[in-house]
1. Contour minus end-to-end for residue 453 and residue 393, with contour as 0.36 nm per residue of separation and end-to-end as the Cα-Cα distance?
2. Just grab the label-to-label distance for residue 117 and residue 336, each label 7 Å out from Cα along the Cβ direction, in nm (one decimal).
3. With Rg and the Kirkwood Rh both taken from Cα atoms, where does Rg over Rh land for region 258-345?
4. Work out from phi, with θ = phi - 60° and the Karplus expression 6.51 cos²θ - 1.76 cosθ + 1.60, the ³J(HN,Hα) of each residue of region 154-170, listed in order in whole Hz, and give x for Gly and Pro.
5. If you take the beta carbon distance between residue 66 and residue 160 as r and set R0 to 45 Å, what does 1/(1 + (r/R0)^6) give as a FRET efficiency, to the nearest 0.05?
6. For region 443-449, just list the computed ³J(HN,Hα) in residue order, Karplus coefficients 6.51, -1.76 and 1.60, θ = phi - 60°, integers in Hz, with x standing in for Gly and Pro.
7. Could you pull out every one of the lysines with an alpha carbon less than 23 Å from that of residue 30, ignoring same-chain neighbours closer than 8 positions?
8. Whole-Hz Karplus ³J(HN,Hα) for region 60-76, in order, using 6.51 cos²θ - 1.76 cosθ + 1.60 and θ = phi - 60°, x for Gly and Pro?
Amino acid sequence: MKNSFFVKIFCGYLFVVIIILAITFPLTFKAIRHHHIDISTSNLKNLCNTLKLKISPLLENNQIKKLDTLIKVLGEQLNTRLTIINPEGIVLADSEKDPTLMESHKNRIEIIQAIQSGFGTSLRYSASVKEEMLYVAMPMENNGKIYGVIRTSLFSNEINTLLNNLKMNIIKIAIIIVVVLIIGAFLFSRSVSKPLNELAIASSKVAKGNFNTKVFINSGNEVKELADSFNYMTDQINTLFTQLSHQKEELNSIISSINEGLCVINKDGAISISNDSFRKTIQNDSVKGELYWNVIRKTRFDELMKKVRCEQNSIVDEIELNDRIFLCSATLCSNEDDIVVTLHDITKVRNLEKTKKDFVTNVSHELRTPLTAIKGFVETLQEANNNDENMHYLDIINRHTDRVIRIVNDLLLLSKLEGSPDSLELEKINLNNLMENILKIFDQRLKDKNLALKFNRDDKLPIIKADPFKLEQVFINLIDNAIKYTERGEIEISLSHNNETITIEVQDTGICIPKEHLTRIFERFYVVDSSRSRKLGGTGLGLAIVKHIVNLHNGNIDIKNIPGAGTNFIVTLPVSHS
Ligand code: ADP
């Protein structure tokens, strides 16, 4: 590249110089020769005019011999060939030859021209002296009558010698010019190619990662501007790379300092980044570049990765790795190639939850027998006692014992549901019939509270597979609440379905659950108004049990609050198509 660029400029330059010289030199020689011939012709013409005066008396007096002698003397003195010809073309005198031996010159071009137009010239080969010569002829006249022609001539080799000398000088000068031009071309080509070569070398260094490369060019032309831009560019790249490496270092230290396991999985499934925590979790120190399925041999994890790619979303799921439970969060990066995975160890939380549940279950279990005993003795005392004051206290003890028994029972039910999620005893059930049987339980209470009941059956409701006792529990709780928290109006129960789901709505015209409580209403022991709930015999566990049972049936429960008009609980259960 370096050579070719230099050679191209240099050869191009040289070619132009040679072409110019090849055209100008022959033209210059031709012009100089013409010019020289013109000058010689003019000199010979002047000579003719001067000699005319000297030789005309001899010619007029016909002194031919004397004329020839004079001509020979003058020819030698002037170093010019002189010839005198009479109008008939006979040579009368000649400075070089014996005129008597010379042929007639009547047909010589210059003689014809001189006689016809008063001046004749020609450059031609001389038959007499066997050389190329320049001839100039002029007539000699007396009263308009031509009595002779004087011809002067010059050997063209004299002109040629002169021209050759000139040519040699010009060639010498030309050689000097060519040498100077070649040196100039060399320097010029080098001055153009050198900075470009420097730029090319610097660019390749930058391409190899050396961003400190600089190009220093002293010329003030565009190449200098290019070099300045190049230097600016390398400065910028350098700054950018420094910033990037700082950011990378920062990121690396952040990644390695976080307690959660973190790894980045690229589009081919290889782990590109990981932190200490992650490597510790999977008990593998060299995971970089490894395919994730070779490192984490868990079907659940594999499914999670596929799901993230498919749904292009963040997904959080629990996975078990090396006897520990992790909350695994997988997020597809904005470049849509990498997945960032974090593993948060929740083993302690889960263990704690289990201990808590076990504790609650055990306590509830232990409380059941003494509570039953207390209730039994209270009832015995109530029967045996006639004292009104004692009766009042016994009533209070009885009411609170009932409440604690209800709480204990609900807690035991909840822990049973949580402990064995597969405990559903599925049967084919018709929800219309199930609901009618349940509603019978509430006849008396509805009458007591003077509440209307509206039941909207759906006669085309498909038969579903569900646990009838648990579903009863759900609807008993919901209808019980509806009656409990409604003072006037009606309770409306509606069944409906579509291809996929059956919907059961329990709507009342009672007090509304304020909006801010809606998100927490299904939590254990969460009550809106604890004194009212306690007064009505509530435990704060009813809706938690409801939600649990509905979830076990792969269903969903939702609340719609109609301010001033009541509450609507909507249960949706999936229709099994088998
Ligand atoms: P509780 O045994 O206290 O009724 P739940 O878990 O069944 O406990 O209900 C939790 C709380 O939700 C109740 O204390 C009550 O404030 C509110 N709630 C439940 N159902 C209704 C309803 N139909 N209308 C108004 N409030 C309700």
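Every number in this text was worked out from the coordinates using simple rules, so none of it is lab data. Since the structure is predicted, the reported quantities are computational estimates derived from the model, not experimental observations. Cβ sites come from the backbone with ideal geometry, for glycine too, and all protein chains shown count toward neighbours.
1. Working it through step by step, the gained length comes to 17.9 nm.
2. 9.4
3. Numbers: Rg = 11.6 Å, Rh = 12.7 Å.
Computed over Cα atoms, the ratio is 0.91.
4. 10, 5, 5, 5, 5, 4, 5, 4, 4, 5, 4, 4, 4, 4, 4, 4, 5
5. Values: r = 35 Å, r/R0 = 0.77.
Rounded to the nearest 0.05, the efficiency is 0.80.
6. Whole-Hz 3J(HN,Hα) from phi for region 443-449: 3, 4, 5, 5, 5, 4, 8.
7. 45, 167, 172
8. 5, 8, 6, 8, 5, 5, 4, 4, 4, 4, 4, 4, 5, 5, 5, x, 5
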